[in-house]
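Below: the structure, in structure tokens.
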Amino acid sequence: MGRLVDNKQNQLNKDEMLNMIRHGANQVFASKDSAITDEDIDTILMKGEAKLTLYSSRRLSNRQLFYVLQTEEMKQKLAGMGESTLRNFTLDAPGTDSVYQFEGEDYREKQKILGIGNWIEPPKRERKANYAVDAYFREALRVSEPKAPKAPRPPKQPIVQDFQFFPPRLFELLDQEIYYFRKTVGYKVPKNPELGSDASRIQKEEQRKIDDAQPLTEDEVIEKEKLLTQGFTNWTKRDFNQFIKANEKYGRDDIDNIAKDVEGKTPDEVMQYSSVFWERCHELQDIDRIMAQIDRGEAKIQRRASIKKALDAKMARYRAPFHQLRIAYGTNKGKNYTEEEDRFLVCMLHKLGFDKENVYEELRAAVRNAPQFRFDWFIKSRTAMELQRRCNTLITLIERENQELEEKERAEKKKRGPRGNPGGGGIPNIGAGPGGGSKGSQKRKNENIPTPDMKAARKKKKGDK
């Protein structure tokens, strides 16, 4: 490539020569003394000769020539550096200024003078303390007014629970004992602001009970000890909770199953406790919550019984329900389940027992094992919860169908009712005689009785034949 280049085009012209001379002359005129010495002139001439040599030998442009000269100058400086120069981190020859000196100022000494006095410390990271939600809201909702201290109680008073159903007289004696103890310690009833306008009245009544309290007599102490043995002392809070849950599960009348769920108690003990519970349940503090819990359980039991009755009525209409059963969908047919799948779900649910525990898990297993669904991935992939939702929908349709059939039967009975039965079940006719018929019907009956002339005519006809 180099041989094909025209040498005439790469020759130096006058302007390029002037630029080369001016490049060195500018450095000379920019000196502080503004006096040109022989050394300056020699330096300029040496640089000019070096540039001419490089330019003519390598055919470089001005920019390329500048970079080459800078590189050569740096190489010469690095070649003249000794081990001490590298250790002190200086780029010039020994005896010259180091990199810490700039514009006549030694920044190494300046750093020693400043030290760490002007050190700017970075901000510390603020960590958020973890807090419990309950504690936070308890603190946020705290009332400014302090709560009233608890009223003192006798140190050796027996622990009596309301679900143990001790005689009411025992609570009267215990209250009397408590009031007298507060009187001896000089307790004053504080005013409770939560009671509103009745706070002052209630405060006075409680204080009057304390002021008028008297100690128990010997007979009352003996009576108290006797009454402490008359409650259900062997019933704990755990036994009581099991009794309530069993009533919710089986209903208040199913004592046998309730006794099975209360551990450590015989059926007679549970029956005795149940009779007292339903007589005195109003004495419990949280009776509203307990009764609501039992009522919810009994409502579920009644609902299961009604569903079982509806399924029994539906199955009784068909000789082969697995093949003949039809469901009145109406507008609730849906697009996912087929009628064959719904028929199998209803029939198998009735067969397994609707009120059975884990019945939908067994229904799911029956669906997977059914041969007619061996290629039906949709029904086989349904979970127990999804099958339960579908069965609930089908049960609703069946109950609606049963209700419509019952209303239709009642309407038909109502239509047949006024016609009456042969025994006089209908509306009696006016003017009926002792035989129970009317005069018109008696007349028609008499007309049908044959007379002697009619008998003779019949015999004559038979003889002619």
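Structural remarks
- For the pair segment 180-213 and segment 293-367, the centres of their Cα atoms are 62 angstrom apart.
- For the pair Asp254 and Gln230, a Förster radius of 35 Å applied to the C-beta separation gives a FRET efficiency near 0.80, rounded to the nearest 0.05.
- For segment 337-389, the list of GluC sites (Glu not before Pro) that fall in a loop by DSSP and count at most 13 other C-beta atoms within 10 angstrom reads Glu357.
- Packing-based order for 218-226, 248-256, using average beta carbon neighbours within 10 Å, highest first: 248-256, 218-226
- Theoretical FRET efficiency, 1/(1+(r/R0)^6), r = Cβ-Cβ of Lys188 and Glu357, R0 60 Å, to 0.05: 0.55
- Taking only protein heavy atoms and a 1.4 Å probe, the accessible area of segment 167-243 is 51% carbon and sulfur.
- Above-threshold pairs, the threshold being 27 Å between Cα atoms, out of Lys351/Lys380; Lys260/Lys308; Lys156/Lys226; Lys237/Lys260; Lys300/Lys380; Lys356/Lys380: Lys300/Lys380
- The mean accessible area for residues of segment 244-293, using a 1.4 Å probe and ignoring ligands and nucleic acids, is 60 Å² per residue.
- Glu386-Glu298 FRET efficiency (beta carbon distance; Förster radius 30 Å; 0.05 resolution): 0.60
- Solvent-accessible area, 1.4 Å probe, carbon plus sulfur percent, for segment 308-388: 51 percent
- For segment 171-215, a simple Cβ point-charge model (Lys and Arg +1, Asp and Glu -1, everything else neutral) yields a dipole of about 260 debye relative to the Cα centre.
- For segment 352-409, the solvent-accessible area with a 1.4 angstrom probe is 62 square angstrom per residue.
- The gain in end-to-end length when the Arg416 to Gln207 segment is fully stretched comes to 67.6 nm, 0.36 nm per residue minus the alpha carbon separation.
The values are calculated or read from the model by the stated rules, or taken from the named source; none is laboratory data. Here the structure is a predicted model, which is why all the values come from computation and not from measurement. In this analysis, Cβ positions are derived from the backbone assuming ideal geometry, glycine residues included, and neighbour counts consider all displayed protein chains. Heavy atoms of the whole protein, side chains included, go into the accessibility calculation; ligands, DNA and RNA do not. Shrake-Rupley method; radii C 1.70, N 1.55, O 1.52, S 1.80 Å.
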